[in-house]
Structures are given as structure tokens and as C-alpha cells.
């Protein structure tokens with residue numbers, strides 16, 4: 001039975017070599033029946049320079065810092081103060097899109113989580129994304145990173161691979177010569 005399940009798994013992986021899921025074959029039934037269940041578990045794809053820690057945050061390998069803090073530094077063009085926290089608005093710690101990140105004071109961060117817990121207990125669900133953003137900016141002085149993204153920093157929001165690209169201004173020799181002639 002084990003040989004048959006290994007063979008079935010080999011056939012599945014041979015037919016679908018670029019499978020983005022882990023395939024697992026389970027044998028169910030008695031010794032006389034040949035019933036198998038094929039289960040698929042999604043693979044977490046990160047680039048070579050990132051990994052996920054035990055709490056669910058993504059860490060940049062080269063600098064050993066949290067990716068959401070790294071993104072905040074790049075977006076705000078400054079280092080974060082020791083009392084500043086980068087808050088994931090939707091609560092998913094591995095979701096580091098600019099629209100999901102907000103920088104705020106540590107005390108205000110604790111207050112926003114207390115408000116979220118109170119709202120969940122009172123209504124039975126968390127407030128909407130829009131309502132959370134409004135509360136973060138108006139009452140807790142949060143900085144939404146989506147409002148501070150510049151033209152020099154863009155992020156590809158691919159679910160498979162996240163890439164950071166810093167766009168350098170293009171230098172055109174003809175424009176430089178034209179400016180030089182006009183200034184003379």
C-alpha cells in the first residue's frame with residue numbers, strides 16, 4: 001500500500017512539476033480496498049532573502065529586521081523612533097502591503113488594540129478596514145504609509161514574490177546638453 005501511495009504521489013508531481021502546493025497522499029480503507037485521498041497544502045513562497053518567524057512576521061535576512069519596519073523606513077525616508085510601532089491594519093502579520101501599514105506611537109497602538117477588542121466584543125465583529133483607517137488617522141495620529149509612498153519607491157504586489165525597487169531618475173545626455181546651451 002505504501003508503495004502504491006508513493007507511486008501515486010510521484011505521478012501527481014510528474015504531471016504537475018510547477019505545483020505551488022504540497023501534495024500528500026493518504027491511504028484509507030482496508031487491505032483489500034485501494035482508496036486514496038490526495039490533499040494539497042499551499043506552499044509559502046518567499047524570496048531567498050526573507051523568512052517567517054514563529055509569530056508570523058516576515059524578517060529580512062540581510063539586516064535581521066522585520067519587513068514591515070523596513071518598508072516603513074523606506075517609505076518615510078527616515079529611521080523609526082524607538083517608541084514607534086508599525087501596525088498591520090487587517091491583523092495579518094505577513095501582509096506588508098503599503099495600504100495595510102500604519103506607523104503610530106506605542107501607547108496609541110495599545111489604545112487602538114483595546115478599541116478593536118471592545119468593538120469586537122460589543123458588535124461580534126471587527127470594524128471595517130475603512131473605519132479602522134479613519135480611527136487610526138483622526139483619533140490616534142497614525143501615519144498611513146499608503147499616503148506617504150513616493151515616486152521613487154514602488155512595490156510589486158505579487159502574491160508569489162515581493163520585490164522592492166528604487167527607481168533612479170533617468171539621465172538623458174541630450175537634455176543635459178540642451179540645458180547647458182540654454183544657460184550660456
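Taking region 94-108 as the search range and keeping residues that are in a helix (DSSP H, G or I) and in contact with a strand residue (DSSP E or B) (Cβ under 9 Å, 6 or more places away or on another chain), which one is nearest to residue 73 (Cα to Cα)?
Within region 94-108, the match that is nearest to residue 73 (Cα to Cα) is 98.
For region 84-111, name all the residues that are over 20 Å from residue 135 (Cα atoms) and more than 19 Å from the chain's Cα centre (by Cα).
Those that are over 20 Å from residue 135 (Cα atoms) and more than 19 Å from the chain's Cα centre (by Cα): none in region 84-111.
Please work out if residue 181 is modelled with pLDDT of 95 or more, exposed (fewer than 10 other Cβ atoms within 10 Å of the Cβ) and assigned to a helix (DSSP H, G or I).
Answer is no for this residue.
The values are calculated or read from the model by the stated rules, or taken from the named source; none is laboratory data. Computed from a prediction, not measured in an experiment: that's the story for all the values here. Neighbour counts are summed over all protein chains in view; Cβ atoms, including those assigned to glycine, are modelled from backbone coordinates with ideal geometry.
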